[in-house]
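Let me begin by presenting the structure, written as structure tokens, before commenting on it.
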Amino acid sequence: MIIYCNESLDKSIEDEDVEIHNEIYIYSDSGIFKKYKHHYYEININQNIQMYNYNNVDFIVQEKEDVMDKSKIITTIPYKHYIVKRKILKTYINDNIFWIREIDNDIFKRDYFITSIPIYDAFEEISLFHK
């Protein structure tokens, strides 16, 4: 599951042992497309999102990751579109939780956590990590 938090992280992920990879996306009125090898495929966005409040901190939990649908390939790039070059940095904060930082076009950043442990245990670990 993916967990977003409304508290900002003042820590630098670059100080940790990180895995780095890059992805390219096209955002348009007709959908979001991700580059895989030499083609762009549509991304199916997961709509199953729940909100929690734990120790006066709001958490947004997405049960499953967004999925690339390889049966929906685009052959032409839409007229009105945005190309986003995303840099993804991934590190462990403990044995069960990953900290992910996505940086879009070297400007916009977003932090979230990926885990498979019980949800309230994850909230406790993430709260301790923030402090």
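See the values below:
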quantity: Enumeration of residues in region 17-53 that are over 18 Å from the mean Cα position of the chain (by Cα), surrounded by 10 or more Cβ atoms within 10 Å (Cβ to Cβ) and at pLDDT below 90; calculated: S30
quantity: Residues (in contact with a helix residue (DSSP H, G or I) (Cβ under 8 Å, 6 or more places away or on another chain) and either of a type in the set (A, V, I, L, M, F, W, C) or modelled with pLDDT of 90 or more (or both)) located in region 55-84; calculated: V57, F59, V61
quantity: Filtered residues of region 110-123 (kept if over 10 Å from the mean Cα position of the chain (by Cα), exposed (fewer than 14 other Cβ atoms within 10 Å of the Cβ) and outside any loop (DSSP other than H, G, I, E, B)); calculated: Y120, D121
quantity: Residues within region 92-101 that are farther than 13 Å from H21 by Cβ, touching a helix residue (DSSP H, G or I) at 6+ places or on another chain (Cβ under 6 Å) and outside any loop (DSSP other than H, G, I, E, B), tallied; calculated: 1
quantity: Residues located in region 13-34, provided they are in contact with a Leu (Cβ under 9 Å, 6 or more places away or on another chain) and aliphatic (A, V, I, L, M); calculated: I13, V18, I20
quantity: Odd one out for F129 among (1) in contact with a Pro (Cβ under 6 Å, 6 or more places away or on another chain); (2) surrounded by 14 or more Cβ atoms within 10 Å (Cβ to Cβ); (3) not β-branched (V, I, T); calculated: (1)
quantity: Some residue of region 70-84 being within 16 Å of F113 (Cβ to Cβ), surrounded by 13 or more Cβ atoms within 10 Å (Cβ to Cβ) and within 16 Å of the chain's Cα centre (by Cα); calculated: no
quantity: Test: K85 is more than 24 Å from I3 (Cβ to Cβ) and of a type in the set (K, R); calculated: yes
quantity: Test for N56: is it under 24 Å from E124 (Cα atoms) and of a type outside the set (A, V, I, L, M); calculated: yes
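The values are calculated or read from the model by the stated rules, or taken from the named source; none is laboratory data. Because the structure is a prediction, the values reported are computed rather than measured. FYI the Cβ positions are ideal-geometry reconstructions off the backbone, even for glycines, and counts take in every protein chain you see.
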